[in-house]
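> Attaching a single structure in structure tokens format; questions to follow.
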Amino acid sequence: MQSKVNTLNEFIIERQADFPYAKGELSRLLTHIALAAKVVNREVNRAGLVDILGSTGDINVQGETVQKLDDYANEKFAIALRGSSECCGIATEESQDIIKFDSDMAKDGKYIVCIDPLDGSSNIDVNVSIGTIFSIYRRISPRGHVAQIDDFLQEGTKQVASGYVIFGSSTMLVYTTGRGVNGFTLDPSIGEFCLSHADIQVPLSGNIYSVNEGNYKQFSSGVQKYIDHCKEVDAATNRPYSARYIGSLVADFHRNLLKGGIYMYPPTKAYKTGKIRLLYECNPMAMIIEQAGGMAVDNEGQRILDLKPNDLHQRVPLYIGSRNMIINLLDFINQND
Ligand code: AFP
């Protein structure tokens, strides 16, 4: 007999009991994020059919061309979070400053959200997987007032939940509230995210390395030597590691999470402190990978979650994935850099 389908909404409510003093606010916020994800999913899936593909012609605060779907996703998540009444403000990769929600209900909201509404958006036009990444913090400013910048510049260790949605061959939502990582696949026939990957653990080691190797000559000697090592024939498998790089963090991360692997974005000439954004990409993914038994560090081997952000759009070098692979990489960096 087929076992009972566990939908995301049911799961969120069941898990609320793990937090004795929970009043359901975080659960409601997660439910609103999931709803916005479904709306964005609908549009992503129709991208070739409607006049939504391509660039708006604008340049965002990161100096990148804004895609129409970026705008759409940004707007849908902002509307969902504003309407949740649990969130007093958001920081999004698409806006220079924080967005403060000023209704009385929102000002009383306990949480703030950092969000990359559509990561990997340079891949939209070519039908490659993209995703949304989010991270939830408890505000530190008093409730009843609008959000303050300090609410957003908290260390990743302060996250109460984080997750991502991958718009791939199927659509999945993966999230953690600090008690393991669970993945839900969208069943389009019933319009529900259903638990498909319970208690995800990243393999301790893998045989996949993901890095933009076009930048190889700009990497430090330690990182170069680690990449050379990845190309050596491994005694256990009798083959080198496989290079897999989509250029869409959500997709590269998701594959490595399930199969085991390492994702690297070291400093380059163009991105002297690395390209990946601390608030919108590194911290949420670092919380997930740690909850799944893996590691996330910067160039100095510092834990990503311990870094104190000094700017909303700060970028840091990122090395994230299977525990043994990160430790091995750090040995190469320590010995050579
Ligand atoms: P976009 O959202 O501008 O496509 O950036 C995506 C991203 O932040 C991350 O998802 C990718 O892993 C990384 O940049 C790809 O960067 P490169 O194109 O420099 O390899």
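> Keeping to the range 279-321, report how many residues are within 16 Å of the chain's Cα centre (by Cα), closer than 27 Å to Gly183 by Cβ and touching a residue at least 60 places away in the same chain (Cβ under 8 Å).
Number satisfying all stated conditions: 18.
> Among Ile246, Ile288, which is under 22 Å from Ser169 (Cα atoms), open to solvent by less than 10 Å² (accessible area, probe 1.4 Å) and of a type outside the set (S, T, N, Q)? Outline the logic, then answer.
Numbers: Ile246 fails: open to solvent by less than 10 Å² (accessible area, probe 1.4 Å).
Result: Ile288 is the single residue among Ile246, Ile288 that is under 22 Å from Ser169 (Cα atoms), open to solvent by less than 10 Å² (accessible area, probe 1.4 Å) and of a type outside the set (S, T, N, Q).
> Please work out which one of (1) farther than 14 Å from Ser322 by Cβ; (2) open to solvent by less than 60 Å² (accessible area, probe 1.4 Å) is the condition Pro203 fails and give its number.
So Pro203 meets the others, but not (1).
> Let me ask something additional. Which of the following residues is under 19 Å from Leu29 (Cβ atoms) and either assigned to a loop (DSSP other than H, G, I, E, B) or within 12 Å of the ligand (Cβ to nearest atom) (or both): Asp97, Asp116?
Working: Asp97 fails: under 19 Å from Leu29 (Cβ atoms).
After ruling out the rest, the residue left standing is Asp116.
> Next question. Sort through Leu173, Leu195 and tell me the only one that's open to solvent by 20 Å² or more (accessible area, probe 1.4 Å) and modelled with pLDDT of 95 or more.
Details: Leu173 fails: open to solvent by 20 Å² or more (accessible area, probe 1.4 Å).
Every option except Leu195 fails the conditions.
> Follow-up. Please find, among Ile124, Ile136, Ile90, the residue that is surrounded by 20 or more Cβ atoms within 10 Å (Cβ to Cβ), closer than 25 Å to Pro309 by Cα and either among the small types (Gly, Ala, Ser) or in contact with a Gly (Cβ under 9 Å, 6 or more places away or on another chain) (or both). First the steps, then the outcome.
Numbers: Ile124 fails: closer than 25 Å to Pro309 by Cα; Ile90 fails: either among the small types (Gly, Ala, Ser) or in contact with a Gly (Cβ under 9 Å, 6 or more places away or on another chain) (or both).
The unique qualifying residue is Ile136.
> While we're on this one: Please enumerate the residues belonging to the range 52-69 that are assigned to a helix (DSSP H, G or I) and either open to solvent by 50 Å² or more (accessible area, probe 1.4 Å) or at pLDDT 85 or above (or both). It would help to see each step written out before you state the result.
At the first step, the residues of the range 52-69 found to be assigned to a helix (DSSP H, G or I) are 68-69.
The answer is Lys68, and nothing else.
> Could you tell me which of the residues Asp252, Asp199, Asp228 is part of a loop (DSSP other than H, G, I, E, B) and of a type in the set (Asp, Glu)? So that I can check it myself, show each step before the final result.
Numbers: Asp252 fails: part of a loop (DSSP other than H, G, I, E, B); Asp228 fails: part of a loop (DSSP other than H, G, I, E, B).
Criteria check complete, one pass: Asp199.
> List the number of the failed condition for Ala251; all other conditions in (1) crowded, with 16+ Cβ neighbours inside 10 Å; (2) touching a helix residue (DSSP H, G or I) at 6+ places or on another chain (Cβ under 7 Å) hold.
(2)
> Cβ-Cβ below 7 Å, separation at least six or inter-chain, first residue in the range 74-87 and in the same structural domain as Asp104 (by TED's automatic domain parsing) and in contact (Cβ under 8 Å) with a residue 40 or more places away in the chain, second of a type in the set (A, V, I, L, M) and open to solvent by 20 Å² or more (accessible area, probe 1.4 Å): which pairs?
The qualifying pairs are Lys76/Val39; Ala80/Leu35; Ser85/Met105.
> Another question, if that's okay. Looking at Val202, Val250, Val211, which one is more than 12 Å from the ligand (Cβ to nearest atom) and not basic (Lys, Arg)? Full working, then the answer.
On the way: Val250 fails: more than 12 Å from the ligand (Cβ to nearest atom); Val211 fails: more than 12 Å from the ligand (Cβ to nearest atom).
Step by step, each of Val202, Val250, Val211 is checked, and only Val202 is more than 12 Å from the ligand (Cβ to nearest atom) and not basic (Lys, Arg).
> Being in contact with a helix residue (DSSP H, G or I) (Cβ under 6 Å, 6 or more places away or on another chain) and open to solvent by 20 Å² or more (accessible area, probe 1.4 Å) is the filter here; which residues of the range 103-120 pass it?
Matches in the range 103-120: Lys110 only.
> How many residues does the range 253-283 hold that are away from the ligand (no atom under 12 Å from the Cβ) and small (Gly, Ala, Ser)?
2
> How many residues does the range 119-128 contain that are more than 8 Å from the ligand (Cβ to nearest atom), assigned to a helix (DSSP H, G or I) and not aliphatic (A, V, I, L, M)? Spell out how you get there, then give the answer.
We begin by selecting, within the range 119-128, every residue more than 8 Å from the ligand (Cβ to nearest atom); these are 124-128.
Those still in the list that are assigned to a helix (DSSP H, G or I) too: 124-126.
In the following step, the residues that additionally are not aliphatic (A, V, I, L, M) were identified as 125.
Count: 1.
The values are calculated or read from the model by the stated rules, or taken from the named source; none is laboratory data. Owing to the predicted nature of the structure, the values given are computational and were not obtained by experimental measurement. So basically every Cβ, Gly included, is an ideal-geometry build from the backbone, and we count neighbours across all protein chains shown. We work out accessible area using only protein heavy atoms, side chains counted, and drop any ligands, DNA or RNA first. Shrake-Rupley method; radii C 1.70, N 1.55, O 1.52, S 1.80 Å.
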